Amino acid sequence: MPRRGALWVAITLVACIASMSGQVSAQGVTESATGSAHWTIELPNPFEVAVGNRELSFTVLKLANGTVLGAFEYQQVVEGVTYKFNVRATCMHIYDGNRAKVGGEVVYSNDSTIPVGSFAWFQVFDNGEGSGAPPDRSSLVGFGDEAANEAFCNSPNLPRFGPWDIQGNIQVRVQ
């Protein structure tokens, strides 16, 4: 499953950690969310168009001092057009022990309606491991401004749309 998206996320995270290695070791990681997922929202749905969520790859850490490090890449296919977004994580909160809400600043977008400097967010559910565990789940990625991003991360609310069962693996940890 390692693709360019997962590689971009890994390289970004390594660069973030390397640049703040003293802070990471001094502060310690208190929360983490990692994974790679894909799913399709078939018709009928609230969007009135099939939505292919080709890949959502992410690695995000929260340090004891509240600093958030990491990134995510999201690719969505709508009516045959692939939209790609790379996002530097700026917020993450874990709710209920297995649900992570992640948001950040868009650093790459090929969608003219979502410019660089916009913000994006999503939430994922880690439903455990093994053959008897239910599938992990994800919301769609939302887009907006910095205030909406922070409000999303800081709210314990469940997704407005979804969540949907995903193919892939999500890990949500509170250390």
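The values are calculated or read from the model by the stated rules, or taken from the named source; none is laboratory data. Everything quoted here is computed from the prediction, not taken from an experiment. A quick note on method: Cβ atoms are made from the backbone with ideal geometry, for glycine too, and the neighbour counts reach across all protein chains shown.
Any chance segment 166-175 includes a residue that's without any contact (Cβ under 8 Å) to a residue 12 or more places away in the chain, among the β-branched types (V, I, T), surrounded by fewer than 15 Cβ atoms within 10 Å (Cβ to Cβ) and on the phi < 0 side of the Ramachandran plot? Step through it out loud before you land on a result.
First, pick out the residues of segment 166-175 that are without any contact (Cβ under 8 Å) to a residue 12 or more places away in the chain: none.
So far as segment 166-175 goes, no, none of its residues is without any contact (Cβ under 8 Å) to a residue 12 or more places away in the chain, among the β-branched types (V, I, T), surrounded by fewer than 15 Cβ atoms within 10 Å (Cβ to Cβ) and on the phi < 0 side of the Ramachandran plot.
Just a yes or no: is a residue in segment 114-122 assigned to a loop (DSSP other than H, G, I, E, B), over 15 Å from the mean Cα position of the chain (by Cα) and over 15 Å from F85 (Cβ atoms)? Looking for residues that are assigned to a loop (DSSP other than H, G, I, E, B), over 15 Å from the mean Cα position of the chain (by Cα) and over 15 Å from F85 (Cβ atoms), one finds none in segment 114-122, hence no.
With respect to (1) surrounded by fewer than 14 Cβ atoms within 10 Å (Cβ to Cβ); (2) out of contact with any Ser or Thr (no Cβ under 9 Å at 6 or more places or on another chain); (3) at pLDDT 95 or above; (4) over 22 Å from P46 (Cβ atoms), the lone exception for V116 is condition (2).
If a residue must be part of a loop (DSSP other than H, G, I, E, B), among the hydroxyl-bearing types (S, T, Y) and within 15 Å of the chain's Cα centre (by Cα), how many such residues does segment 131-143 contain? Of the residues in that region, 1 qualify. Considering segment 144-175, and only residues there that are among the aliphatic types (A, V, I, L, M) and part of a loop (DSSP other than H, G, I, E, B), the residue that is farthest from L63 (Cα to Cα) turns out to be I166.
Looking at G128, is it part of a loop (DSSP other than H, G, I, E, B), exposed (fewer than 15 other Cβ atoms within 10 Å of the Cβ) and either aliphatic (A, V, I, L, M) or over 13 Å from the mean Cα position of the chain (by Cα) (or both)? In short, yes. Of the residues making up segment 48-78, those that are of a type outside the set (D, E, K, R) and free of Cβ contacts under 8 Å to residues at least 40 places away in the same chain number 8.
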